[in-house]
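Before any comments, here is the structure.
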Amino acid sequence: MKDIYIGSDTGENTRPCRHFWSALKRLFNWIGHDRLPNFIKVAVSVAQPAGHVTFKSEPYPMPADGRDHFTVLSANLWHDWPRFKDLEKRLESFSKLVEHEQVDLILLQELARTPSFKSDQWLAQRLNMAFVYSRVNGSEKLGFEEGLGVFSRYPLKRLPFVQQMGRSHNPFVRRLALGVDVDTPHGEIAAFSTHLGLFRKQNARQMLDLRGWVHKITSGRSAIIAGDFNAPEHTHQIKHARSYWQDTFREINQHGHAATHEIRWPWGGAFLSHRLDYIFLQPGEPSWQVLDVKHLDAKNGPHSDHRAVLARLSPIHLVA
């Protein structure tokens, strides 16, 4: 396991933030870091761009696997800052869900880190998986940060990819996607975890950027794109996404309400109920077929305020 800096492929959309950060660094170098007030040091730490990742390319024991399918799970783990309510208990409940479903690949959002606890490393050790983690917002050194993660029973190939989604003029809040190539027994597949913004226009722009970036990275290869998209399925951006990616859940469950996140009244009953979490499959090589998809809660107690999405895939040559 190692910490590396790979840089964020930010492109033109985040050029204002890069210029802002570059100007700040020149100013602070001129002043001298030790002479800066504490609140400035805090602001600098939080505003620092993404790019440092923790990466362990090999699982602890290499799996001896004869299964003819590949199981993917995506989940927003709800860091619940600043309370972190039952965080370790919820992570254990989530781990038991992963084991029960025999998951091969996990794509996670809102992984919490504090100076004394790292959710990503805890999960990797608990599940004996290879993993990559990238900070998104906050700063562990200052007490809290949250990030994205990809965990795998199979080796992760080459260096991971990090990309900021959409235009951002705020250096303290960002939305990212994290990608890595997974070496499955049925061939390599690219896997991306993302967590998009809440505001409608911003979210739509981020979805377009995500699609373009994934297309650029994968170059005709198959890919799994999963996460908390913060967009119900009736929105234009989700409908548009289905024109180039397979919505795995609707491949199997074509009708009916399928909420993954609800906000409830204090006396019970939901006043908001939306499907926000998706696993999309980009067709490519090797070719995969969706066998089953479902939304899950952990049986040993709630793991999050979102339901997890699980998809079982199989290489088409095995299905045939």
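The values are calculated or read from the model by the stated rules, or taken from the named source; none is laboratory data. Just so you know, these numbers come straight off a predicted model, no measurement behind them. Neighbour counts run over all protein chains shown; Cβ positions are idealised from the backbone, glycine included. What goes into the accessible areas is simple: the full protein's heavy atoms, side chains included, and nothing from ligands, DNA or RNA. Shrake-Rupley method; radii C 1.70, N 1.55, O 1.52, S 1.80 Å.
Please list E110, E99, E285 from largest to smallest accessible area, probe radius 1.4 Å, with all protein chains kept in place. Show your work: numbers first, answer last.
On the way: E110 30, E99 90, E285 125 Å².
My answer, sorted largest first, is E285, E99, E110.
Express the carbon and sulfur contribution to the solvent-accessible surface of the range 162-306 as a percent, rounded to the nearest whole number, probe 1.4 angstrom. Spell out each step's value before the answer.
Values: 3560 of 6550 Å².
It is 54 percent, rounded to a whole number.
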Completion exercise
Mean shadow area (nm²) of the C-alpha convex hull around the range 114-171 is 5.0
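With a 1.4 Å probe and all protein chains in place, put L276, L208 in order of accessible area, largest first. Don't skip to the answer; put the middle values down first.
On the way: L276 15, L208 90 Å².
I get L208, L276, largest accessible area first.
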Handout entry: Global form of the range 95-242, assessed from the alpha-carbon gyration tensor, a/c cut-off 1.5
Key = oblate
Practice task
Send over a whole-number figure in Å² for the accessible area per residue of the range 71-124, probe 1.4 Å.
Solution key: 38
Practice task
Show which lysines lie in cross-link reach of K2 when reach means a straight Cα distance below 17 angstrom and same-chain residues fewer than eight apart are skipped.
Solution key: K56, K118, K157
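Suppose every K and R has +1 on its Cβ and every D and E has -1 on its Cβ; what is the size of the dipole of the range 210-283 about the Cα centre, in Debye to the nearest 20?
On the way: 8 positive and 6 negative charges, 53 e Å.
In debye, rounded to 20, the range 210-283 gives about 260.
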Practice task
Name the aspartates and glutamates eligible as straight-distance cross-link partners of K141: C-alpha to C-alpha under 19 Å, and not fewer than 8 places from it in the same chain.
Solution key: D3, D34, D80, E110, D120
Exercise for the section: Please give the solvent-accessible surface of R211 in Å², to the nearest 10, using a probe radius of 1.4 Å with every protein chain present. Expected result: 90
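Can you give me the relative contact order of the range 86-221 as a percent, contacts being Cα pairs under 8 Å and 6 or more apart?
Values: 232 pairs, mean separation 26.3, N = 136.
After rounding, I find 19 percent.
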Handout entry: the range 145-207, accessible area per residue, ligands and nucleic acids excluded (1.4 Å, Å²)
Key = 36
Practice task
Heads up, I need the accessible area for D297: 1.4 angstrom probe, whole protein in place, Å², nearest 10.
Solution key: 80
Fill in the blank from the handout: Whole-Hz Karplus couplings 3J(HN,Hα) for the range 70-79, θ = phi - 60° and coefficients 6.51, -1.76, 1.60, Gly and Pro as x, run 10, 9, 10, 10, 10, 7, 8, 8, 6, 5
Exercise for the section: Note down the accessible area of K96, probe 1.4 Å, to the nearest 10 Å². Expected result: 90
